[in-house]
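I have placed the structure first, in the form of structure tokens, so that the comments after it can refer back to it.
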Amino acid sequence: MLSLRLEEQISRLISVPGARRAACQLWKTASGPRSFATETAAAGSVNDSPKAIDPKVKVNKAMRAYLERAQAHNMFMKQQTSEFEIGRRHLANMMGEDPETFTQEDIDRSIQYLLPSNLFQRSSRPIMRPPEEVFPQQKEAQFGLDGRPFHPLFYTGKPNYYQILHDIRDWTLQLNVLEDERVRKGRAPPDKKLNLSGTQWMTKDELATLLVEKMTPHMYRRFILSMERLLLHPYVYRVEEFVRKYRKALIEEVIEIQAPALKKDEAGRSYTEAYANRKTCHAWVTLKDGTGKVDINGQDILFFPRASDRLQIMFPLQLLDRMFQFDISAKVEYGGYSGKSGAIREALTKCLTAFVSKEEVEILRHAGLLTHDKRVKERKKVGFRGARAKPTWRKR
Amino acid sequence: MLARRTAQWLSQYLHRAGTTSTLQPRRHVQSLPLEQPNFRQSSSVFDSVIRESKDQTVVRSSELPPAIGRADEPIVDILKHPDYFGVKKLFTVKEMFQCGVHLGHMGGTLNERMQQFIFGKRFNQLIFDLDITAEYLRDALNVLSHISYRGGIVLFVCRDRQNCHIVEQTAIDCGEYAHTRYWTGGTLTDATNIFGGATRLPDVLVFLSTMNSILEQHIAIESAAIVNIPTVGIVDTNCNPNLITYPVPGNDDSPSAIEFYCHVFKTAIQNAKQRRLDDDRMKS
């Protein structure tokens with residue numbers, strides 16, 4: 001009875017399009033210079049003719065065990081999927097929506113509404129997702145019916161990873177042969193270069209996901225070292241495709257700074273207004289085309305008794321060499337002098353962005369003037385002299 | 001006196017090895033000019049040896065002993081046949097000599113269990129008796145062929161950084177398996193845990209070097225002995241042959257020697273597999 005069921009399983013496994021192909025696929029894609037024609041062809045042929053399986057064929061013990069495991073996993077997943085489907089429809093009814101058009105987004109929204117959670121860790125909050133996303137993917141069978149593994153480096157335990165190292169060495173040797181040949185013919189070294197700008201190596205986790213293998217930091221270091229060494233070869237442009245497989249495009253960080261709207265007053269002078277805060281201070285600043293007049297809560301720059309605070313306020317204008325071109329009027333509340341000056345500086349910089357070119361805005365950003373300073377005083381702790389300082393300790 | 005004795009055995013040795021050239025130090029890979037440069041082709045010392053010895057008998061798969069069940073041949077018992085796969089003609093002692101198989105380590109590092117395979121010492125470098133080596137290598141090749149013929153899994157093991165690539169390539173070329181990296185303890189003795197399920201273990205382990213990266217005996221040798229997997233191993237003068245089922249005394253460091261072993265192992269396995277196909281075709 002068991003054997004009958006197993007045979008059924010085997011034929012099903014093999015007739016499922018891509019089941020076995022998927023098992024081979026990874027190391028097929030990972031395989032570099034040489035193609036393992038015999039192995040892949042064998043896998044393909046079984047796929048193409050599912051009836052080719054002979055019921056009398058001997059199945060290796062390892063394969064038998066795998067099939068049983070796979071069967072159990074499939075049953076489990078099937079059950080989970082049906083439960084998820086029931087849950088989804090039930091949730092839709094609870095929310096008074098149409099179960100037919102209830103998408104994953106609706107589920108997330110409903111869960112957030114029904115089970116509100118203020119847990120800081122997002123992964124700790126309640127979720128409801130399809131079982132394929134919740135339960136880890138099982139690796140496909142790595143060996144055939146006779147128990148022979150598909151991958152030549154299977155017994156290393158990390159065949160896909162070591163295949164890459166093997167390929168790197170293989171390419172290096174082949175490029176060396178090419179280089180020797182060119183040198184013998186008296187050719188100059190190539191002027192072609194492999195341009196990898198705008199890309200970076202895959203991270204450890206990305207590589208581990210690609211290879212479906214656990215990756216230790218040591219393994220990742222070895223991979224990067226080997227790859228970097230390959231990149232030093234003068235003929236490396238020949239293996240661009242191989243190198244690019246393990247590189248990812250850098251996502252360019254686009255920072256759009258929203259400048260406040262430029263307005264005109266009755267006299268036709270353009271001005272901007274901005275708000276900023278620092279520590280406990282709030283500052284409202286108006287920057288107007290002018291001659292360098294300063295008005296802070298009705299006083300001039302001497303509102304600040306310390307020179308450092310005055311410098312703080314003037315620094316953005318000084319940096320862009322726009323001193324005495326604007327009139328500043330600020331209303332500032334609460335806090336102390338350094339908080340006030342910091343808040344005014346930030347609001348003033350915001351105002352300034354509306355008057356200056358994009359390049360100058362970049363200068364301001366690089367100087368850190370457009371970054372909000374979120375530092376605040378740390379509270380005093382009980383038993384401590386301050387936030388961290390301990391009282392003097394004496395041996396009794 | 002000593003010099004005279006050295007000269008004596010040297011001349012004797014050279015006579016045996018069938019060459020007039022003087023003994024050379026350990027070889028290293030040389031980039032030999034290729035006649036037709038080819039991007040895919042890698043230069044190989046062993047290729048050059050083959051090319052040099054064109055006049056000698058170099059056996060190819062087409063020149064194997066006749067297949068079983070032919071009309072004009074009596075059916076033979078494969079296991080009783082002394083050399084069913086023709087491994088005896090796969091190589092000559094001269095080829096081994098040219099690849100530096102005879103070169104051992106310095107005298108002080110000798111493992112006494114290897115004394116029986118040593119021919120002598122030259123400038124304190126130990127020299128293997130290649131006649132003994134050839135005998136052992138042929139035995140090993142015969143066993144390897146029989147295992148391959150029956151669809152066994154051959155696992156090539158080598159922990160030598162310099163030679164690991166060619167070992168892996170050999171395994172790939174003949175459709176077998178290689179393990180040239182860090183050996184996780186329990187790969188053989190606790191395979192179910194290591195591979196996450198019942199796994200078919202290799203049927204024979206072939207060690208191109210029985211040492212690991214810190215010059216101690218490879219753990220896999222002991223593991224294989226525990227789980228009763230036969231082993232074939234190249235044992236140098238500083239190695240212990242006791243736990244190896246089919247030891248082959250010889251140089252396990254020089255790339256030229258490793259290339260030689262890889263070539264004969266690969267050819268033997270490929271021939272045995274081809275033989276299987278031929279025999280099956282004959283039977284059906």
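The number of residues in the stretch B:180-209 being among the hydrophobic types (A, V, I, L, M, F, W, C), more than 7 Å from chain A (Cβ to nearest Cβ) and assigned to a helix (DSSP H, G or I) comes to 1. Search the stretch A:157-193 for residues being in a loop (DSSP other than H, G, I, E, B) and in contact (Cβ under 8 Å) with a residue 12 or more places away in the chain, and hand back the single one that is farthest from the other protein chains (Cβ to nearest Cβ). Result: A:K193. Restricting the stretch B:265-284 to residues that are surrounded by fewer than 21 Cβ atoms within 10 Å (Cβ to Cβ) and among the aliphatic types (A, V, I, L, M) leaves a set whose member that is farthest from B:V204 (Cα to Cα) is B:M282.
Taken over the stretch B:210-228, the criterion of being within 14 Å of chain A (Cβ to nearest Cβ) and under 25 Å from B:A257 (Cα atoms) is satisfied by B:S213, B:H218, B:I219, B:A220, B:A224. Scanning the stretch B:179-218 for residues that are open to solvent by 30 Å² or more (accessible area, probe 1.4 Å), among the β-branched types (V, I, T) and more than 18 Å from A:Y162 (Cβ to Cβ) yields B:T189, B:T192, B:I214.
Quick one: which of A:G157, A:G144 is surrounded by 12 or more Cβ atoms within 10 Å (Cβ to Cβ) and at positive phi?
Working: A:G144 fails: at positive phi.
Criteria check complete, one pass: A:G157.
Whenever a residue of the stretch A:130-156 is facing chain B (nearest Cβ under 8 Å) and touching a residue at least 60 places away in the same chain (Cβ under 8 Å), its partners that are open to solvent by 10 Å² or more (accessible area, probe 1.4 Å) and among the β-branched types (V, I, T), lying with C-beta atoms within less than 6 angstrom and at least six residues away or across chains, give the pairs A:P152/B:I172. Would you call A:L225 surrounded by 19 or more Cβ atoms within 10 Å (Cβ to Cβ) and either modelled with pLDDT of 95 or more or away from chain B (no Cβ under 11 Å) (or both)? The answer is no for A:L225.
Just give me the residues in the stretch B:146-179 being facing another protein chain (nearest Cβ under 8 Å), assigned to a strand (DSSP E or B) and not hydroxyl-bearing (S, T, Y), in sequence order. Steps first, please.
The initial filter retains those residues of the stretch B:146-179 that are facing another protein chain (nearest Cβ under 8 Å), namely B:151, B:153, B:155, B:165, B:168-169, B:171-172, B:175-179.
With assigned to a strand (DSSP E or B) added as a condition, the list becomes B:155, B:177-179.
Those that are facing another protein chain (nearest Cβ under 8 Å), assigned to a strand (DSSP E or B) and not hydroxyl-bearing (S, T, Y): B:L155, B:A178, B:H179.
Where helices (runs of 4 or more DSSP H) fall entirely within the stretch A:239-355, those with at least 2 residues that are β-branched (V, I, T) are at A:337-353.
Mind telling me which of the residues A:V243, A:V239 ends up being in contact with a Phe, Trp or Tyr (Cβ under 6 Å, 6 or more places away or on another chain), under 30 Å from A:R221 (Cβ atoms) and either among the aliphatic types (A, V, I, L, M) or open to solvent by 70 Å² or more (accessible area, probe 1.4 Å) (or both)? Talk me through it step by step, then tell me what you get.
Values: A:V243 fails: in contact with a Phe, Trp or Tyr (Cβ under 6 Å, 6 or more places away or on another chain).
None of the other options fit; the residue is A:V239.
Within the stretch A:83-100, one or more residues are surrounded by 12 or more Cβ atoms within 10 Å (Cβ to Cβ), among the acidic types (D, E), in a loop (DSSP other than H, G, I, E, B) and more than 32 Å from the chain's Cα centre (by Cα).
Scan the stretch A:276-304 for residues that are under 12 Å from A:K340 (Cα atoms) and open to solvent by 80 Å² or more (accessible area, probe 1.4 Å) and the total you get is 3.
The values are calculated or read from the model by the stated rules, or taken from the named source; none is laboratory data. Keep in mind it's a predicted model, so treat the numbers as computed, not measured. Note: ideal-geometry Cβ built from the backbone for every residue, glycine included; neighbour counts use all protein chains shown. Note: accessible area is taken over every heavy atom of the protein model, side chains too, but ligands, DNA and RNA are not part of it. Shrake-Rupley method; radii C 1.70, N 1.55, O 1.52, S 1.80 Å.
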